[in-house]
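Worksheet: the structure to be examined is printed underneath.
Throughout, read-outs are computed from the coordinates displayed, never taken from laboratory work. This is a predicted model, so every value here is computed, not measured. A quick note on method: Cβ atoms are made from the backbone with ideal geometry, for glycine too, and the neighbour counts reach across all protein chains shown.
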Amino acid sequence: MTTLPTTDVHRSVSEQYTAALDRAQKRSASASCCGPVQCGAAAATAGYAAPEDALAVAAAASFACGNPLAFAEVQPGETVVDLGSGAGYDLLLAAEKVGPEGRVIGVDMTDAMIDAARANAATAGAFQVQVRKGLIEALPIAADQADWLISNCVINLSPDKPKVFAEMARVLKPGGQFRVADIIAEDLPPWLRDNALAYAACIAGAIPEAAYLGGLRAVGFADVQIVSRLVYTAEQIRAVIATDFADAGLDPAAWDSIVGELEGKVASVTVTGRKPVASTCCGGCC
Ligand SMILES: C[S@@+](CC[C@H](N)C(=O)[O-])C[C@H]1O[C@@H](n2cnc3c(N)ncnc32)[C@H](O)[C@@H]1O
């Protein structure tokens with residue numbers, strides 16, 4: 001097990017997602033037809049027979065806020081990189097698109113997520129999928145590798161988003177494109193920004209739209225735009241929190257006040273853009 005140069009924020013987020021994955025796997029095991037002994041992650045590592053079972057296992061452990069691949073015209077033989085690949089649902093979808101000649105590389109910092117994604121890829125027979133341990137602020141990938149870069153509800157969790165944007169620009173091939181589903185938020189109260197659970201729930205670390213799009217343009221990306229947007233209602237904010245962290249021993253009254261403060265300020269978006277072919281930028285250093 002490699003140790004990464006993580007900050008307190010990384011460690012807290014990683015712990016929260018280790019626990020959230022465990023709860024998701026237990027939920028899906030107890031909801032399944034064959035009981036907790038055989039289903040969920042244990043069954044994934046023991047090996048399911050059919051690829052669609054791996055997709056179902058990965059889907060049950062997904063913490064997505066969008067569907068970035070729905071906006072990508074990925075072709076057979078291409079290379080897709082997924083930032084913060086979690087239990088691997090988008091990796092499996094990308095593998096279907098690139099086919100056996102293509103490559104899919106997932107990067108995640110959380111060991112439990114990496115183990116789950118590798119198990120799901122193996123079960124699906126998706127041998128073109130690799131899952132690498134690393135930080136999205138320092139991707140363990142050489143420059144100019146990816147035709148497509150995707151990410152699903154992860155960049156908001158980074159304590160250094162400009163570094164992530166610079167890494168995206170470094171790893172994409174000239175002419176390569178990104179499709180990122182993420183959360184943006186306007187005017188969050190300062191006290192909420194310091195709440196570790198709200199941070200891990202993809203809310204407290206979210207930045208405003210102008211800062212997000214501006215950060216992507218600053219590293220040289222072209223055609224940066226939001227192509228889908230869902231502004232969360234109070235019920236949806238409550239559902240996000242409840243889905244990911246319902247069993248985390250939270251005081252529901254505390255969440256009531258958080259939900260009230262957040263209504264209308266938080267949105268799930270899909271952001272698209274491309275690295276120009278003749279880029280004069282090199283990942284934020286121009
Ligand atoms: C909200 S989950 C999303 C997982 C996956 N994309 C999905 O749609 O289910 C966030 C994931 O990103 C990973 N992550 C968060 N911050 C990261 C960072 N700075 N570097 C690498 N991985 C990170 C977490 O370990 C977790 O697996």
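Listed values, structure above:
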read-out	value
Spin-label model distance (nm) - Glu186 vs Glu73, 7 Å beyond Cα toward Cβ	3.3 nm
Beta bridges by DSSP in the range 8-274, antiparallel share as percent, to the nearest 5	45 percent
Full-extension gain in nm, Asp256 to Phe127, via 0.36 nm per residue minus C-alpha separation	41.9 nm
Inter-site label distance for Ala142 and Ala218 at 7 Å from Cα along Cβ, in nm	3.0 nm
Reachable lysines from Lys275, criterion Cα separation under 22 angstrom, eight or more residues apart if same chain	Lys97, Lys161, Lys163, Lys173
Overall dimensions of the range 132-238 as given by Cα atoms, namely Rg and Dmax in Å	14.4, 42
Full-extension gain in nm, Glu263 to Ala210, via 0.36 nm per residue minus C-alpha separation	17.2 nm
Gyration tensor (alpha-carbon) shape descriptor, the range 99-186, a/c threshold 1.5	oblate
C-alpha center-to-center spacing [the range 1-27, the range 139-214] in angstrom	18 Å
Cα gyration tensor, the range 8-274 - rounded (a/c under 1.5), prolate or oblate	oblate
Net charge, Gln145 excluded, C-beta distance under 10 Å - Lys, Arg +1, Asp, Glu -1	+1
